[in-house]
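**Q** Okay, here's the structure, questions in a sec.
The values are calculated or read from the model by the stated rules, or taken from the named source; none is laboratory data. What you are looking at is a predicted structure, and each value in this text was computed from that prediction instead of being measured. Quick reminder, even Gly has a Cβ in these numbers, built from the backbone with ideal geometry, and neighbours come from all protein chains shown. Surface accessibility is based on the protein's heavy atoms, side chains included, excluding ligands, DNA and RNA. Shrake-Rupley method; radii C 1.70, N 1.55, O 1.52, S 1.80 Å.
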Amino acid sequence: MMMIKIKLVRSVITQNPAQQKTVKALGFSKVNQIRTVPDNDCIRGMIRKVHHLVEVVEA
């Protein structure tokens, strides 16, 4: 299974609750944290929803 690394680059404090929950569901708890997650359609959709808060470090 392919894995991708994503990094939380902005805080979720000023974001709406749905985006905060999406970031939490991706496994982030702090800014600059890097998570390795499976590369599937569900994760890609979550990343697209909060694309302004995260960046893909490695594809």
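**Q** Would you please give the residues with an amide H less than 5 Å from that of Leu26, counting only those at least 5 places away or on a separate chain, with H modeled from the backbone geometry?
**A** none
**Q** So, one more: Pop out the ³J(HN,Hα) list for region 3-16 in order, Karplus 6.51 cos²θ - 1.76 cosθ + 1.60 with θ = phi - 60°, rounded to Hz; leave Gly and Pro as x.
**A** Ordered by residue, 3J(HN,Hα) equals 10, 10, 9, 10, 10, 7, 10, 10, 6, 9, 4, 8, 7, 6 Hz.
**Q** Roughly how many nanometres apart are two label points built 7 Å out from the Cα toward the Cβ at Thr36 and Lys49?
**A** 2.5 nm
**Q** Report the relative contact order of the chain, percent, no decimals, based on alpha-carbon pairs under 8 angstrom and at least 6 residues apart.
**A** So the answer I get is 55 percent.
**Q** Given that just one value was derived from the coordinates, which of (1) 10.1, 30; (2) 10.5, 34; (3) 22.1, 65 is Rg and Dmax of the Cα atoms in Å?
**A** Checked against the structure: label (2).
**Q** Shifting gears a bit: When the helices in the chain are scored as -39500 (n - 2.57) per DSSP H run of 4 or longer and the sum is shared across all residues, what 222 nm value do you end up with, to the nearest 500 deg cm²/dmol?
**A** Rounded to the nearest 500, the figure is -8500 deg cm²/dmol.
**Q** Where the accessible area of the chain is counted over protein heavy atoms with a 1.4 Å probe, how much of it, in %, is carbon and sulfur?
**A** Of the solvent-accessible surface of the chain, carbon and sulfur hold 53 percent.
**Q** Can you give me the long-range amide H partners of Val57? Hydrogens built in the peptide plane at 1.01 Å from N, cutoff under 5 Å, separation of 5 or more residues or another chain.
**A** When sequence neighbours closer than 5 places are left aside, the close amide H contacts are Lys5, Ile6, Lys7.
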